[in-house]
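Inspection log for the structure reproduced underneath, given as structure tokens.
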Amino acid sequence: MKLDVKYDSNLADMKRVIQAGGVESMSRAINDALAKGKTQLGKSVRSVYAIKAADYNTAAKVTKSHKGNLGKGKIEVRSKRLSSYHFPFTPRAYTSQKGIKMSKRKKASITIKKGQKKAYPHGFVVNPAALENYDPEQGGYTLLWERTGKKINPIRSISVAQMVTNEDAYNPTMDVMQKTYEERLAHHLNRQFKVEE
């Protein structure tokens, strides 16, 4: 998922700035907007989804613009689908369910979106390192798993990149980035051409 600044939304103004030699100011304003946008996107994503700031920061990267390539600047979000380790889930520790009727067993659930628990009737908690035929590549954290045939696999939800596409995260971020770009462009142009603010 990529987000960028619409610096060419007003072509007439953009051409005037370029002709006046303000490309460097445009580049700086774009980079200011991207930095602000990355912060805003993290806040917006975490207002909707129950993930930690560290999970977002690991997935989101800023590529800076420069005066030779204004369009290079962007926020890029990449991640794999996240396991239950990255979200609040219950139960938090393994307890044997042997001899307990299905109707009375502890039900596994994950909170992916804030305020919404998703139930996994066949999910169970275990540290994978305690399992037979343990594959270290599957991870070593205690989390929710489910059986598929003869194999057990970690329950996975959505990726951070998919979270970003949620309108409640994407739209506020784009608004903040555009506003920041316009404000910072005026500031940098004033400094470049030594205009008193």
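The values are calculated or read from the model by the stated rules, or taken from the named source; none is laboratory data. Since we're looking at a predicted model, the values are computed, not measured. Quick reminder, even Gly has a Cβ in these numbers, built from the backbone with ideal geometry, and neighbours come from all protein chains shown. We work out accessible area using only protein heavy atoms, side chains counted, and drop any ligands, DNA or RNA first. Shrake-Rupley method; radii C 1.70, N 1.55, O 1.52, S 1.80 Å.
Things to note:
- Considered as a group, the residues in the stretch 42-51 that are touching a residue at least 24 places away in the same chain (Cβ under 8 Å) and touching a helix residue (DSSP H, G or I) at 6+ places or on another chain (Cβ under 7 Å) include one that is surrounded by the most Cβ atoms within 10 Å (Cβ to Cβ), and that residue is TYR49.
- Just so you know, in the stretch 1-28 the residues that are assigned to a helix (DSSP H, G or I) and modelled with pLDDT of 75 or more include one that is most open to solvent (accessible area, probe 1.4 Å), and it is ARG28.
- Single residue of the stretch 99-114 satisfying the filter (of a type outside the set (S, T, N, Q) and over 17 Å from HIS86 (Cβ atoms)) that is modelled with the highest pLDDT: LYS107
- Search result, residues across the stretch 24-67 that are within 13 Å of LEU3 (Cβ to Cβ) and out of contact with any Ser or Thr (no Cβ under 8 Å at 6 or more places or on another chain): ALA35, LYS38, THR39, GLY42, VAL45, ALA60, LYS61, VAL62, THR63
- Within the stretch 144-181, the residues that satisfy the criterion of being crowded, with 17+ Cβ neighbours inside 10 Å, closer than 22 Å to ASN31 by Cα and of a type outside the set (A, V, I, L, M) are TYR170, THR173, THR180, TYR181.
- Selection count where residues are surrounded by fewer than 22 Cβ atoms within 10 Å (Cβ to Cβ) and not hydroxyl-bearing (Ser, Thr, Tyr), scope the stretch 29-41: 6
- Candidate set from the stretch 52-73 (those that are surrounded by 16 or more Cβ atoms within 10 Å (Cβ to Cβ) and under 14 Å from the mean Cα position of the chain (by Cα)); member that is farthest from SER27 (Cα to Cα): ASP55
- Flag for LEU82 being at pLDDT 95 or above and buried (at least 20 other Cβ atoms within 10 Å of the Cβ): no
- Members of the stretch 106-120 that are part of a strand (DSSP E or B) and under 18 Å from VAL164 (Cβ atoms): ILE112, LYS113
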